[in-house]
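Bear in mind that the values in this text are calculations on the coordinates, not laboratory data. What you are looking at is a predicted structure, and each value in this text was computed from that prediction instead of being measured. Reconstructed Cβ throughout: ideal geometry from the backbone, glycine too, with neighbour counts over all protein chains shown.
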Amino acid sequence: MAIQAHDQRLLAQKSGNRCAICRRLLTAEGGPADRDAILGEMAHIVAESPNGPRGTSPLTLEERNKYENLILLCNVDHQRIDDQPQTYTVEKLHGIKVDHERWVEQTLSKGLPDASPHREYKTETVYSTLLPVVELPRFVYGVAVEGLCEDDIKKGMAPARVMKKSLTGATEMAPFIVRGAYLYAFQNMNDRDNPFKPFAPGQSTERFRADEWWDDPDHMRWYVDLLNRSLNKLTGRRGLHYDKEHRRYYFPMEEPGKEVEIAYRPLNQRRTRRKVVWEPTSKKTGEGRGKWLHRAVALRFTPIDEGHWCLGIRPELRITVDGYQPLESTKIGAQVTRRKSRMFNYDLLGEVHFWRDFLSDSAPRIILPFGPKQRVVISTTFMSGVVAWPGIPPEYDKPFGNVAYVDNLFSWAEYAGPEEDDDGQDWQDETEDEDVDDIG
């Protein structure tokens, strides 16, 4: 897609015929027999192609060719930024563009009586606390379980909890809910190996399309409940406990009086260790303060528009008096608020990054398997947007890396999964007469 003439003229005029980096004049006067030479080149900040320098971005092809994503450079600096994408990042080039165009405006307006002061803005990529969900279970299965409650089913599932493994060795998850006299799950209850077979032998099972459930408020809540219960399985496998009162997951104390630390990959380092359960000490005496802090997180699936979902990550703290007994609720608010008030952009992003790194094991995706063709796939690349704003104080404006993880052989194999039969099934052509069958 070509760059529109309006965007080309806007870029040239705002750049003042000067390179945004070296500020060299971008036209050279020719001799009597030659025409003037044009030395300027329009460079893409986010590459026009996903395979180009700084090409990884949610921007569409149309957005990549807009004025906002273009910077005017001399041919030397254009070559330099494409050869050195680690030095000339998207954020840095947006800053250079804004600073240069502001310099042009201020320089040309000197001495003009009507020149107004230019407010200092810079363009940055702002990362959210949301991870995009790229795949969801297409169906929900239901079966009548007269007289059984959720506790009965949980107890009865104990022998069946070890299920078949996926391609990379991860065992399937089996979240479920009981609503009325029906048990609902993502597992296909026609499968003889499904974990719910003992609770409704010989009963008929129904299959419901997820997109039809989303159109009904009650069924939508049930679907979200199933998704969120799959998080219980994920966090349980990672050794976290659930604080039911506050609906969050936290690191437990493993041995009385012993701090807990784990290895993870922070924003700007390859690998390090971090305390997840610890007792703060007094700077003056070095003695413990009589309370323990446990890193915690609230996780929740949320639909953001039709057919698109995200996983929200909200870092929190659990405070106990001895590593086990929660601190009185009346004493918690001030301490947590005091800590959060000191968290700026970089610090908050670091906390969110810690949790997505821990839950994904530094992989490009978090995969929750429920059986053939039924799974949740969550990308671990933060949802983000580009904004023009005054920015934050320089002392808190820290650069960072490790925003996106790169696939390796094992993570790609887990995502791709085993090769499936080409049975022509999709959301539209599933036959209605398959909705009712027998379990077993």
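For Cys22 and Lys373, calculate 0.36 nm times their separation in residues minus their Cα-Cα distance, and state this gained length in nm to one decimal. Write down the numbers at each step before the final one.
Working: separation 351, 0.36 × 351 = 126.36 nm, distance 5.44 nm.
Once the chain is fully extended between Cys22 and Lys373, it gains 120.9 nm.
Counting other beta carbons within 10 Å of each residue's own, what order do Ile378, Ile71, Ile177 fall into, fewest first?
On the way: Ile378 23, Ile71 26, Ile177 19.
Ranked by crowding around the Cβ, least crowded first: Ile177, Ile378, Ile71.
Between the alpha-carbon centers of region 53-91 and region 176-210, tell me the distance in whole angstrom.
52 Å
In region 243-305, what GluC sites (Glu not before Pro) fall in a loop by DSSP, with at most 13 other Cβ atoms inside 10 Å?
Numbers: sites: Glu245, Glu254, Glu259, Glu261, Glu287; in loops: Glu245, Glu254, Glu259, Glu287.
In loop regions of region 243-305 (DSSP not H, G, I, E or B), the sparsely surrounded GluC sites (Glu not before Pro) are Glu245, Glu254, Glu287.
Using the beta-carbon distance between Ala144 and Gln86 and R0 = 60 Å, what value does 1/(1 + (r/R0)^6) give for FRET efficiency, to the nearest 0.05?
Numbers: r = 59 Å, r/R0 = 0.99.
The computed FRET efficiency comes out at 0.50.
Can you pick out the pairs among Lys244/Lys373; Lys233/Lys291; Lys154/Lys373; Lys14/Lys66; Lys66/Lys92; Lys66/Lys97 whose Cα atoms lie more than 20 Å from each other?
Working: Lys244/Lys373 31 Å; Lys233/Lys291 29 Å; Lys154/Lys373 24 Å; Lys14/Lys66 14 Å; Lys66/Lys92 18 Å; Lys66/Lys97 14 Å.
Going by Cα-Cα distance, Lys244/Lys373; Lys233/Lys291; Lys154/Lys373 fall outside the 20 Å limit.
Given a Förster distance of 25 Å, report the FRET efficiency between Arg102 and Glu29 from their Cβ-Cβ distance, rounded to the nearest 0.05. Can you show the working numbers first?
Numbers: r = 28 Å, r/R0 = 1.11.
About 0.35, to the nearest 0.05.
Which one, Tyr249, Val276, Pro266, is farthest towards the positive end of the dipole of region 222-279 when Lys and Arg carry +1 and Asp and Glu -1 on their Cβ?
Going by the charge dipole, the pick is Pro266.
Pull out a ≥ b ≥ c, the square roots of the eigenvalues of the alpha-carbon gyration tensor of region 5-120, then state rounded if a/c is under 1.5, prolate if not and a/b is larger than b/c, and oblate in the remaining case.
Numbers: a/c = 1.89, a/b = 1.22, b/c = 1.54.
It is oblate, given that a/c is not under 1.5 and a/b is not larger than b/c.
Just in region 232-330: which chymotrypsin sites (Phe, Trp or Tyr not before Pro) are loop by DSSP and have at most 15 other Cβ atoms within 10 Å? Can you show the working numbers first?
Working: sites: Tyr242, Tyr249, Tyr250, Tyr264, Trp278, Trp292, Phe301, Trp309, Tyr324; in loops: Tyr324.
Filter output for region 232-330: Tyr324.
Tell me which trypsin sites (Lys or Arg not before Pro) from region 283-329 have a DSSP coil assignment and no more than 12 other beta carbons within 10 Å of their own.
Values: sites: Lys283, Lys284, Arg289, Lys291, Arg295, Arg300, Arg318; in loops: Lys283, Lys284, Arg289, Lys291.
The qualifying sites are Lys283, Lys284, Arg289.
For Val387 and Thr285, FRET efficiency with R0 = 56 Å and r from the beta-carbon atoms, rounded to 0.05?
Values: r = 45 Å, r/R0 = 0.81.
The computed FRET efficiency comes out at 0.80.
Give me the distance in nm between label points sitting 7 Å out from Cα along the Cα-to-Cβ direction at Arg314 and Arg238, one decimal.
Each label point is offset 7 Å from its Cα along the Cβ direction, giving 1.7 nm.
Positive end of the charge dipole of region 60-112 (Lys, Arg +1 and Asp, Glu -1 on Cβ, about the Cα centre): tell me which of Val76, Leu61, Gln86 has its Cα farthest that way.
Positive-end residue among those listed: Val76.
State to the nearest 20 debye the size of the charge dipole of region 5-120 about its Cα centre, where the only charges are +1 on K and R beta carbons and -1 on D and E beta carbons.
Details: 15 positive and 18 negative charges, 48 e Å.
It works out to roughly 240 debye.
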